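J.: This is the structure, below, for whatever I ask next.
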Amino acid sequence: MRIGTGLLLGLLTGLLWGTIAVALTGISLTLITGLPATPIISAGALGGAVNAAIILLRPPADRTPGLYLVAFAAVIITMMLVSFGAPFSLAFSESSLIQAFGVGLIALAVTFANRAVLIDIQSGMLKRYAIDLVIVRTLKGFGFVFFSVIVILPFYVMVMTSLKNQQDLFLNPLDLSIDLTQGAASLFDSYVELFTKFNFGRFLLISTIVSVCTVLITLAFSIPGAYAVARLKFPGQTVLSSSILLIYLVPMIVLVIPLYAVFSQLGLRNTVVGLLIVYPATTVPVALYMLQGYFRGLPAELEEAGLMDGLSRFGVIWKITLPLALPALASVSLYVFMIAWNEFLFAFMFLDDPDIFTLSRGVVSLNSSEVPRQHLMAGAVIATVPILVIFLWFERFLVQGLTAGSVKG
Amino acid sequence: MAPSNSTAQSPATTTPRKGKLGPMARREARLALWMLAPTFLIVMGIVLFPLLANFWISVKPVTLSDLRPPTPVVSERVRGDFDIAGQEFEIQYRLRNSSRDGNITDVVLTDTLPAGITVIDPGDVCTVAGAEVRCALEGLPAGERTRLKMTAVSDESFAANPVSPRDSEPTVTGTSDNILTNSEFTLDNFARIFDSHEFWSVLWVTIAYTVFGTLGALVLGLFAAQMLNKPFAGRSIIRGLFLFPYVAPVIAVAFTWVILLDPFNGTFNAILQRMNLADEGINFFGQRDIPIDVFGLTIDFPLALATVIAFEAWRYFPLSFLFILARMQSISSDMYEAAEVDGATPLQQFWHISLPQLLGILSTLFLLRFIWTFNKFDDIFLLTGGAAGTRTLTVDVYEQGFALSNLGAGAAVAVAIFILLLVFAVFYFKFVHREDS
């Protein structure tokens, strides 16, 4: 081993990986099993550094699986030594199997990460290119860990909280473990209560009806509109197609007060019909814009041929354009469905009657000190799961639709 | 967009002269208008009309209670024995104005009497024609109650089979002054919101939230896109996972964050304490400022605002991530290969090739996200309700209009938002949209 920037960088990344691995494993151990584990950060950090040093002992070409095995063992030994045999501040006699598994996982993760970062790096002085390579790989790895944690943690907490008892959670907020011996009935207690006592079956139905109707109405309005903008020529066409964009820069909160006033006087507030007027109005411009872009990309010759063959305009749209535009229709529908399903502001402002609450409005009504917290989270899960399932099913379409150049967030 | 250009120039559809359209073209234009008409109507009615109505409401002293216009309310009573033939009895209509501060004019009451009842004395304001009773009052001032009395007798046939005169419901109509449509104007709402110190702090919070929230989402999105740019096993799964925050309903993720960051029994605070990073629970959404020592200087860090901004960046990074990734995939790999041969390091390649190529999409995203973040209401409303120095203009609309039930003031704030947006939109169309298309 030669001493140089390679070794220095290797030690630094080793420290970083060790720290991340021990912290994440320690916290996960607590969150998943309920063990009161406090990871000894210094132990992990030193273990990571030793691991990197051992990998760098040999030049890249001579690194054998045996070397990595030694490096792997070194992490475990270092961690045990530094933490006096208690890497998670727990006596090793307590749940030794889980702890051993945790330590093994840390050693494996650190070895894997160090190997990936240092694979073609030697311990001596490095060229700028190699230094950059180490930095970029480290950043990438860190990014994966970081994004996975920030995305998974909230959703994990949401699901686990909904399955737990409020008292247990107040006692130890870190213990998100699930006691599977209690049986399904008590595990899904809050879900059962939401459906039996809090009317969530109805909210689910209303949300589905509102979202599906919004999609249908939006399509009914936007398909002819988009076709006209994309294919037909009329005065003011360009002005119109670009001003459609302006509409969806209008903030919903600005529309709320006048709509509230007018809908109150017309008796449309607190009705599903009211929502079915407002939702499509806010989604039609976006849908129209997305569709017209797609329609423009379709070959006009096919439609002209259809016209020659004696089809009417609407026949052409129905028999030629729409079948060709199915992917676009799918992405627009999915997108509009998502907006309507997730909509909160108007549902919150307009609906007072629990008989016609949408899911968003229903979950908000659970946010009170009288309703236990697991109910609120169970409501959140019920609102989230359908949209996530649909999204995962049609992800490709949604991604296409979103990046087609028009989105509302 | 090449196809549209080619159709525009194709000889078959070229318009002969400006202003004069051929019969085919005219038919096409008419068809287009018909196809666009429904969209026009719904957008006009639900988007543009309210937008203008805001200006109208903002110069009116409207409160929430004004939305229920004053209406006359009537209850009917019968005093005396109407089931004894020939006996006089009294029919009373008690009228009440439902509002405490709105007058009603031209109050007209109509009722139908059962057959067999004859009115002897209809009183001053009522007239009886057959079985129809009609009473007209000039007005019913705010908070006023009044009684209309009629004396009547019943005959034998009625007494044998009596039905209460109350069985037929009297109807009453009246015109009241609707504050939404009258010609009373005032600038009080604007004076109220601009005079308060609150407004300027709200404006600053809005700007900070918008700028940092937008930048945060962009930087996170750029970072994530950079990670997923090169294909690897499981990339599409990770891409789907990264989109979760954006796809999940705002109520679900907002409440999850509130519970996750709860100062007393939130998981995140418990983690911080377990890792010895904090001594006691930090009230992320409830604490306005937290003192931070930087080199002996104590800075008040706006904690709640920063947390809300972090939420915004978390929730919307997937969107910028998607757009940036899509753009990155379209950068040709030749440039990178050439740079590689020239010995450019990965960081240099990012800085000198990727970033300049991404500048267009980044600036477009910045502007769009800037405007949307500026418009955002639900996130902050659900997280903090605008407390602890996180009230933005949009939350202020709700606060003024509904929490303080002063619709006029809420509309005035909405007008302010709209004008600021107009400035952004002009900027957008002038500098970004043209470049983009």
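J.: Listed residues A:170, A:200; which is of a type in the set (Phe, Trp, Tyr), over 30 Å from residue B:347 (Cβ atoms) and surrounded by fewer than 21 Cβ atoms within 10 Å (Cβ to Cβ)?
T.: Among A:170, A:200, only A:170 is of a type in the set (Phe, Trp, Tyr), over 30 Å from residue B:347 (Cβ atoms) and surrounded by fewer than 21 Cβ atoms within 10 Å (Cβ to Cβ).
J.: Let me ask something additional. Does region A:235-264 hold any residues that are assigned to a loop (DSSP other than H, G, I, E, B) and facing chain B (nearest Cβ under 8 Å), and which are they?
T.: At the first step, the residues of region A:235-264 found to be assigned to a loop (DSSP other than H, G, I, E, B) are A:235-236, A:248-251.
Matches in region A:235-264: A:235, A:249, A:250, A:251.
J.: Within region A:265-278, which residues are open to solvent by less than 10 Å² (accessible area, probe 1.4 Å) and more than 7 Å from chain B (Cβ to nearest Cβ)?
T.: Taking region A:265-278 and keeping what is open to solvent by less than 10 Å² (accessible area, probe 1.4 Å), we get A:274-275, A:278.
Residues satisfying the conditions are A:274, A:275.
J.: Moving on. Are any of the residues in region A:200-222 among the charged types (D, E, K, R) and not in a helix (DSSP H, G or I)?
T.: No, region A:200-222 has no match at all.
J.: Follow-up question, since we're still on this one. Within region B:205-247, which residues are without any contact (Cβ under 8 Å) to a residue 24 or more places away in the chain and among the hydroxyl-bearing types (Ser, Thr, Tyr)?
T.: Within region B:205-247, B:236 is the sole residue that qualifies.
J.: Here's something else I'd like to know. Residue check: is residue A:289 out of contact with any His (no Cβ under 8 Å at 6 or more places or on another chain), of a type in the set (Phe, Trp, Tyr) and open to solvent by less than 20 Å² (accessible area, probe 1.4 Å)?
T.: Spelling it out, it is not the case that residue A:289 is out of contact with any His (no Cβ under 8 Å at 6 or more places or on another chain), of a type in the set (Phe, Trp, Tyr) and open to solvent by less than 20 Å² (accessible area, probe 1.4 Å).
J.: When you look at residue A:334, is it away from every other protein chain (no Cβ under 12 Å) and in contact with a helix residue (DSSP H, G or I) (Cβ under 8 Å, 6 or more places away or on another chain), yes or no?
T.: No, not satisfied.
J.: In region B:225-270, how many are open to solvent by less than 20 Å² (accessible area, probe 1.4 Å), farther than 17 Å from residue B:385 by Cβ and of a type in the set (Ser, Thr, Tyr)?
T.: 2
J.: Pull out all pairs, ordered by first then second residue, where Cβ-Cβ is under 7 Å, the residues are six or more apart or on different chains, the first lies in region B:364-391 and is under 25 Å from residue B:425 (Cβ atoms), and the second is small (Gly, Ala, Ser) and crowded, with 23+ Cβ neighbours inside 10 Å.
T.: From region B:364-391, the pairs are B:365/B:320; B:369/B:217; B:369/B:320; B:373/B:213; B:379/B:254.
J.: Considering only region A:131-167, state which residues are within 14 Å of the chain's Cα centre (by Cα), of a type outside the set (Val, Ile, Thr) and open to solvent by less than 40 Å² (accessible area, probe 1.4 Å).
T.: Answer for region A:131-167, where residues must be within 14 Å of the chain's Cα centre (by Cα), of a type outside the set (Val, Ile, Thr) and open to solvent by less than 40 Å² (accessible area, probe 1.4 Å): A:147, A:148, A:153, A:154, A:155, A:158.
J.: While we're on this one: Find the residue count for region A:116-134, including only residues that are touching a residue at least 12 places away in the same chain (Cβ under 8 Å) and either part of a helix (DSSP H, G or I) or facing chain B (nearest Cβ under 7 Å) (or both). If you could, list the steps in order and put the result at the bottom.
T.: We begin by selecting, within region A:116-134, every residue touching a residue at least 12 places away in the same chain (Cβ under 8 Å); these are A:116-126, A:130-131, A:133-134.
Now narrow it down to the ones that are either part of a helix (DSSP H, G or I) or facing chain B (nearest Cβ under 7 Å) (or both): A:116-118, A:130-131, A:133-134.
The total comes to 7.
J.: Related question: Looking only at region B:100-111, decide whether some residue is under 49 Å from the mean Cα position of the chain (by Cα), open to solvent by 70 Å² or more (accessible area, probe 1.4 Å) and among the acidic types (Asp, Glu).
T.: Looking through region B:100-111, at least one residue is under 49 Å from the mean Cα position of the chain (by Cα), open to solvent by 70 Å² or more (accessible area, probe 1.4 Å) and among the acidic types (Asp, Glu).
J.: Within region B:57-77, count every residue that is part of a helix (DSSP H, G or I) and more than 8 Å from every other protein chain (Cβ to nearest Cβ).
T.: 4
J.: Give region A:87-105 a look and list any residue that's in contact with a Pro (Cβ under 8 Å, 6 or more places away or on another chain) and outside any loop (DSSP other than H, G, I, E, B), or say none.
T.: Across region A:87-105, the qualifying residues are A:99, A:102, A:103.
J.: Something else: Note down all Cβ pairs under 9 Å where the first residue falls in region B:333-356 and is open to solvent by less than 40 Å² (accessible area, probe 1.4 Å), the second is at pLDDT below 90 and not in a helix (DSSP H, G or I), and they're at least six residues apart or on different chains.
T.: Close Cβ pairs (under 9 Å, with a partner that is at pLDDT below 90 and not in a helix (DSSP H, G or I)) amount to B:345/A:127; B:353/B:331; B:353/B:344; B:354/B:229; B:354/B:331.
J.: In addition: Do we have any residue at all in region A:46-64 that's modelled with pLDDT under 90 and touching a Phe, Trp or Tyr at 6+ places or on another chain (Cβ under 7 Å)?
T.: No: zero hits.
J.: Related question: Considering only residues that are within 32 Å of the chain's Cα centre (by Cα), without any contact (Cβ under 8 Å) to a residue 60 or more places away in the chain and more than 7 Å from chain A (Cβ to nearest Cβ), which ones fall in region B:256-267? Step through it out loud before you land on a result.
T.: The initial filter retains those residues of region B:256-267 that are within 32 Å of the chain's Cα centre (by Cα), namely B:256-263, B:266.
Filter once more, so that each one left must be without any contact (Cβ under 8 Å) to a residue 60 or more places away in the chain: B:256, B:259-263, B:266.
B:261, B:262, B:263 - these are the residues of region B:256-267 that are within 32 Å of the chain's Cα centre (by Cα), without any contact (Cβ under 8 Å) to a residue 60 or more places away in the chain and more than 7 Å from chain A (Cβ to nearest Cβ).
J.: Scan region A:263-284 and tell me whether some residue there is at pLDDT below 85, within 16 Å of residue A:230 (Cα to Cα) and not basic (Lys, Arg).
T.: Taking every residue of region A:263-284 in turn, none turns out to be at pLDDT below 85, within 16 Å of residue A:230 (Cα to Cα) and not basic (Lys, Arg).
J.: State yes or no: is residue A:320 more than 11 Å from every other protein chain (Cβ to nearest Cβ), open to solvent by 10 Å² or more (accessible area, probe 1.4 Å), modelled with pLDDT of 85 or more and in contact with a Gly (Cβ under 6 Å, 6 or more places away or on another chain)?
T.: Yes, satisfied.
J.: Which numbered condition trips up residue A:183, out of (1) touching a helix residue (DSSP H, G or I) at 6+ places or on another chain (Cβ under 8 Å); (2) open to solvent by less than 40 Å² (accessible area, probe 1.4 Å)?
T.: Among (1) touching a helix residue (DSSP H, G or I) at 6+ places or on another chain (Cβ under 8 Å); (2) open to solvent by less than 40 Å² (accessible area, probe 1.4 Å), residue A:183 violates only (1).
J.: Any residue in region B:177-192 that is open to solvent by 30 Å² or more (accessible area, probe 1.4 Å), of a type in the set (A, V, I, L, M, F, W, C) and free of Cβ contacts under 8 Å to residues at least 12 places away in the same chain?
T.: yes
J.: Right, next: When region A:160-175 is examined, which residues are found to be aliphatic (A, V, I, L, M) and touching a helix residue (DSSP H, G or I) at 6+ places or on another chain (Cβ under 6 Å)?
T.: A:163, A:174
J.: Taking region B:364-386, which residues are at positive phi and touching an Asp or Glu at 6+ places or on another chain (Cβ under 7 Å)?
T.: Answer for region B:364-386, where residues must be at positive phi and touching an Asp or Glu at 6+ places or on another chain (Cβ under 7 Å): just B:386.
Matching residues to (1) open to solvent by less than 80 Å² (accessible area, probe 1.4 Å); (2) in contact with a helix residue (DSSP H, G or I) (Cβ under 6 Å, 6 or more places away or on another chain):
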{"residue": "A:69", "(1), (2)": "no, no"}
{"residue": "A:77", "(1), (2)": "no, no"}
{"residue": "A:80", "(1), (2)": "yes, no"}
{"residue": "A:85", "(1), (2)": "yes, no"}
{"residue": "A:90", "(1), (2)": "yes, no"}
{"residue": "A:93", "(1), (2)": "no, no"}
{"residue": "A:99", "(1), (2)": "yes, no"}
{"residue": "A:106", "(1), (2)": "yes, yes"}
{"residue": "A:113", "(1), (2)": "yes, yes"}
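J.: Kindly provide the set of residues from region B:126-154 that are within 30 Å of residue B:99 (Cα to Cα), free of Cβ contacts under 8 Å to residues at least 60 places away in the same chain and more than 47 Å from the chain's Cα centre (by Cα), ordered by number.
T.: Just the residues of region B:126-154 that are within 30 Å of residue B:99 (Cα to Cα), to begin with: B:126-128, B:132-151.
Adding the requirement that they be free of Cβ contacts under 8 Å to residues at least 60 places away in the same chain leaves B:126-128, B:132-139, B:141, B:143-149.
Once the filter is applied, which keeps residues that are within 30 Å of residue B:99 (Cα to Cα), free of Cβ contacts under 8 Å to residues at least 60 places away in the same chain and more than 47 Å from the chain's Cα centre (by Cα), region B:126-154 yields B:126, B:127, B:128, B:132, B:149.
J.: Determine whether region A:296-304 contains at least one residue that is in contact with a Phe, Trp or Tyr (Cβ under 9 Å, 6 or more places away or on another chain) and either open to solvent by less than 20 Å² (accessible area, probe 1.4 Å) or over 21 Å from residue B:36 (Cα atoms) (or both).
T.: No - not one qualifying residue is present in region A:296-304.
J.: Being more than 10 Å from every other protein chain (Cβ to nearest Cβ) and free of Cβ contacts under 8 Å to residues at least 24 places away in the same chain is true for just one of A:88, A:84, A:147. Which residue is that?
T.: A:84 is the lone residue from the list that is more than 10 Å from every other protein chain (Cβ to nearest Cβ) and free of Cβ contacts under 8 Å to residues at least 24 places away in the same chain.
The values are calculated or read from the model by the stated rules, or taken from the named source; none is laboratory data. Since the model is a prediction, treat every value here as computed from it, not as a measurement. Glycine also receives a Cβ, built like all others from the backbone with ideal geometry; neighbour counts cover every protein chain displayed. The accessibility values were calculated without ligands, DNA or RNA, using every heavy atom of the protein model including side chains. Shrake-Rupley method; radii C 1.70, N 1.55, O 1.52, S 1.80 Å.
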